[in-house]
1. State to the nearest 20 debye the size of the charge dipole of the chain about its Cα centre, where the only charges are +1 on K and R beta carbons and -1 on D and E beta carbons.
2. Cα extents of the stretch 51-115 along the three principal axes, largest first, in whole Å?
3. Cα gyration tensor of the stretch 62-152, axes a ≥ b ≥ c as square roots of the eigenvalues: rounded (a/c below 1.5), prolate (a/b > b/c) or oblate?
4. Which lysines have a Cα less than 24 Å from the Cα of residue 45, not counting those fewer than 8 places away in the same chain?
5. Return the sequence-ordered ³J(HN,Hα) values of the stretch 145-154 in whole Hz as given by the Karplus equation 6.51 cos²θ - 1.76 cosθ + 1.60 applied to θ = phi - 60°, using x for Gly and Pro.
6. Quick check on the exposure proxy: order 132, 76, 171 from fewest to most C-beta atoms within 10 angstrom.
7. Determine the gain in length on full extension of the stretch residue 94-residue 112; use 0.36 nm per residue of separation and subtract their C-alpha separation, reporting nm with one decimal.
8. Shape of the chain from its Cα gyration tensor (a ≥ b ≥ c, root eigenvalues): rounded if a/c is under 1.5, otherwise prolate when a/b > b/c, or oblate?
Amino acid sequence: MGVEEIVLLNEADEAIGSAPKVPSHHRTTPYHLAFSCFLLNTSGKVLITRRALGKRTFPGVWTGSCCGHPGPGEGLRAAVARRLRDELGVEAREFTSILPGFRYQATAADGTVENERCPVVRAIAATDTVHLDPDEVEDAQWWTWERCKELASRPEASPWFRLQMAELVPLGDPLEWPDAGVEGLPPFLTW
């Protein structure tokens, strides 16, 4: 596997180049493209994950199902499906754009800044069984939406999870979240 690249953005959310992922995350991380996914099972439970303890940034925090970075020329659905397979060993279906315009900044304990345009996607798992990549995920559990809402107010939740939940909770039951469409995505990003 080669070096993972991220897509760099300008303030108009236009792609302005790419850079290697790992060395690009530091105290002055450039604005770039990412995504978050909330994976649901058919009964409406959400897969909540705990980041691996060995991760450089935000180790051990609880967060949504997975997150990652679309590579140059990679569509959003393809990137989400790739990370679900790589991190969680899960195949998904019914990908839905929920918060296409989500953006955030957060600073980790080591000073590393996250500075991301981070569309939020919902997907439905083909199975409840997960196979975790221990370099990425310490733990994963299927939680009720009520338990997810409780986590959103706790310090052990990732900053992006807390911010996303502030926008997701008003949408109601995760199985019934409305499709926000693709118009709010960065203009170059294919669905």
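Read-outs: derived from the displayed coordinates by stated rules, not from any lab. Computed from a predicted structure; not experimentally measured. All Cβ positions, glycine included, derive from the backbone under ideal geometry; neighbour counts span all protein chains shown.
1. That gives the chain a dipole magnitude of about 260 debye.
2. Largest to smallest, the principal-axis extents are 36, 27, 22 Å.
3. rounded
4. 149
5. Along the stretch 145-154, the couplings run 4, 4, 5, 4, 5, 5, 4, 4, 9, 10 Hz.
6. Working: 132 17, 76 22, 171 14.
Ascending Cβ contact count within 10 Å gives the list 171, 132, 76.
7. Length gained, residue 94 through residue 112: 3.1 nm.
8. rounded
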